[in-house]
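Visitor: Structure in structure tokens, see below.
The values are calculated or read from the model by the stated rules, or taken from the named source; none is laboratory data. Here the structure is a predicted model, which means the values were calculated and not measured. Cβ placement follows ideal geometry from the backbone for every residue including glycine, while neighbour counts extend to all protein chains displayed. Side chains included, ligands, DNA and RNA excluded: accessible areas come from the protein's heavy atoms. Shrake-Rupley method; radii C 1.70, N 1.55, O 1.52, S 1.80 Å.
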Amino acid sequence: MKHILLLIVITGCAFQCKCAAAPDNATDSRGDTILIFNSGFEDDVKIISKADGTNEDKFTGIDRSVSAPNSWDQFQEPLKSIGLQYAGGDTTQRYARIVPDPVNPGNRALTMRIITPNAGDRSRVQTNASSPGMKEILQSVRVYLHPDMDYLTQYPDVIDWLLLAEWWNDPPKGWNTPNVFRVSLRLRKEKGAGLPLFFKVDAQTVTYRPQKPEKGSGALFHTEWEKVNTDFVIPFGQWMTFEYHIKAGDAGNGRFFMAVTPDNGERQVIFDVEGATQSLLHPAETGFSFWNPLKFYTSIPLTDFMKSNNKTYQVYYDDLKIWTIEKK
């Protein structure tokens, strides 16, 4: 079931990629949107192991079911690469695979599954995108949360460590990297069994302890702003289309927007936040050099909770589209 998204509506302004004939109202004062990546994980798209000890895999192939730019081997500027990263473990603990759609087996989708903790004190499967100097990112992707994940509503404590996407300004390259800042999309549940899950977005400055600890990075996170949308209850076992728009900037110029459209449902704006999306130490827009367009990152307690109750902890992604904005 491939959904070719010709138009993204963002806070009342319509955007369309230059690869299609854009109507007059398809731009605003910021400029024209340009489609720089497009894939539904069909045809010849495959995942191959890099086998270099980095706990990374590589996508390869061309998705001929969609229009260009649709190659996983040759990316369009300013996008440099998109790859898979696990940060530890093997396929008995976590994996990413291209598999039949759980709703429509004739369609293919990317799935990420976590079975046991695979990365020290955490569990991680994610895509890493590199795009030096990309100051605005628009993205659309279809997301399906495995029906078993509804069991997370029975988790007795707070859920705050379950991320589905993340954008980094000056990402950490090693111990004590300066000026690290991230914007994270999470699922959130309050303390108590039987409570629903909602979307949460937050922006955090990352600093480090004076000495590197024996375990972990020693990173300290300070939340600059956070928002939780309690009007939209997360549905499980249903495809949804996520739209993101993030703009690098300080508290007065940064922007994060998200809308969700469940299949056969109405589009709902989840977040429209004006706030810092880059390091507070940078006076000018710096852009995003690294981000995780598709991510499944969670804690050991949540991983163990799902495993001990024989529940599948798994997310599916499909129809990934990424745009940038060309300034006028």
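Visitor: Tell me what the chain gives for mean residue ellipticity at 222 nm when only DSSP H runs of n ≥ 4 count, each as -39,500 (n - 2.57), the sum divided by the residue total, rounded to 500 deg cm²/dmol. Write down the numbers at each step before the final one.
Guide: Working: 1 runs with 9 residues, N = 328.
The per-residue figure over the chain is -1000 deg cm²/dmol.
Visitor: If R₀ is 30 angstrom, what is the calculated FRET efficiency for the pair W175 and S81, using the beta carbon separation as r and rounding to 0.05?
Guide: 0.80
Visitor: Calculate, in nm to one decimal, what N264 and K212 gain on full extension: separation in residues at 0.36 nm each, minus their alpha carbon distance.
Guide: Computed gain between N264 and K212 is 13.7 nm.
Visitor: Moving to a separate point now. Could you size up the charge dipole of the chain around its Cα centre, putting +1 on the beta carbon of Lys and Arg and -1 on that of Asp and Glu, and report it in debye to the nearest 20?
Guide: 560 debye
Visitor: Per-residue counts of other Cβ atoms within 10 Å, averaged by peptide: what ranking do you get for 130-138, 110-118, highest first? Walk me through the intermediate numbers first.
Guide: On the way: 130-138: 19.4, 110-118: 21.3.
Averaged packing, sorted descending, gives the order 110-118, 130-138.
Visitor: Moving on to the next point. Could you give each residue of the stretch 259-267 its phi-based ³J(HN,Hα) in whole Hz, using Karplus coefficients 6.51, -1.76, 1.60 with θ = phi - 60°, and x for Gly or Pro?
Guide: Result, rounded to whole Hz: 10, 10, 10, x, 3, 6, x, 8, 5.
Visitor: Could I ask something else about it? Would you mind telling me the share, in percent, of accessible area of the stretch 189-269 contributed by carbon and sulfur at probe 1.4 angstrom?
Guide: Percent of accessible area from carbon and sulfur atoms in the stretch 189-269: 47.
Visitor: If the viscosity is 1.306 mPa s and the temperature 10 °C, what Stokes-Einstein diffusion coefficient in µm²/s follows for the stretch 63-120 when Rh is the Kirkwood radius over Cα pairs?
Guide: Translational D for this selection: 115 µm²/s.
Visitor: Percent of Cα-Cα pairs per 10 Å bin, from 0 to the last occupied bin, for the stretch 188-328, please list those.
Guide: 9, 30, 36, 21, 4, 0
Visitor: Follow-up. By accessible area of protein heavy atoms, probe 1.4 Å, what ranking do R255, R209 get, highest first?
Guide: Most to least solvent-accessible, the answer reads R209, R255.
Visitor: May I ask you to evaluate 6.51 cos²θ - 1.76 cosθ + 1.60, the Karplus curve with θ = phi - 60°, for each residue of the stretch 160-171 and list the ³J(HN,Hα) values in order in whole Hz, giving x for glycine and proline?
Guide: 9, 10, 8, 9, 10, 6, 7, 10, 10, 10, 6, x
Visitor: Measure out, as a whole number of angstrom, how far apart the alpha-carbon centroids of the stretch 232-271 and the stretch 46-120 sit.
Guide: 23 Å
Visitor: Given that compact globular proteins tend to follow 2.2 N^0.38 Å, what is the ratio of the alpha-carbon Rg of the stretch 166-258 to that value?
Guide: 1.30
Visitor: Ranked highest first by average number of other Cβ atoms within 10 Å, how do 85-98, 292-305 line up? Write down the numbers at each step before the final one.
Guide: Values: 85-98: 17.1, 292-305: 20.1.
By packing density, highest mean first, the sequence is 292-305, 85-98.
Visitor: Here is a follow-up. Kirkwood hydrodynamic radius of the stretch 34-94 from all distinct Cα pairs, in Å?
Guide: Averaging 1/r across every pair of different Cα atoms and inverting gives 12.7 Å.
Visitor: Distances over 36 Å make up what percent of all Cα-Cα pairs in the chain?
Guide: Of all Cα-Cα pairs in the chain, 14 percent lie more than 36 Å apart.
Visitor: Now for a different question. Using θ = phi - 60° and the Karplus curve 6.51 cos²θ - 1.76 cosθ + 1.60, what whole-Hz ³J(HN,Hα) does each residue of the stretch 233-244 get, with Gly and Pro shown as x?
Guide: For the stretch 233-244, the Karplus-derived couplings read 7, 4, x, 10, x, 8, 6, 9, 9, 9, 10, 10 Hz, x marking Gly and Pro.
Visitor: Of all the Cα-Cα pairs you can form in the stretch 85-165, what percent are over 16 Å apart?
Guide: Looking at the stretch 85-165, the distances longer than 16 Å represent 66 percent of pairs.
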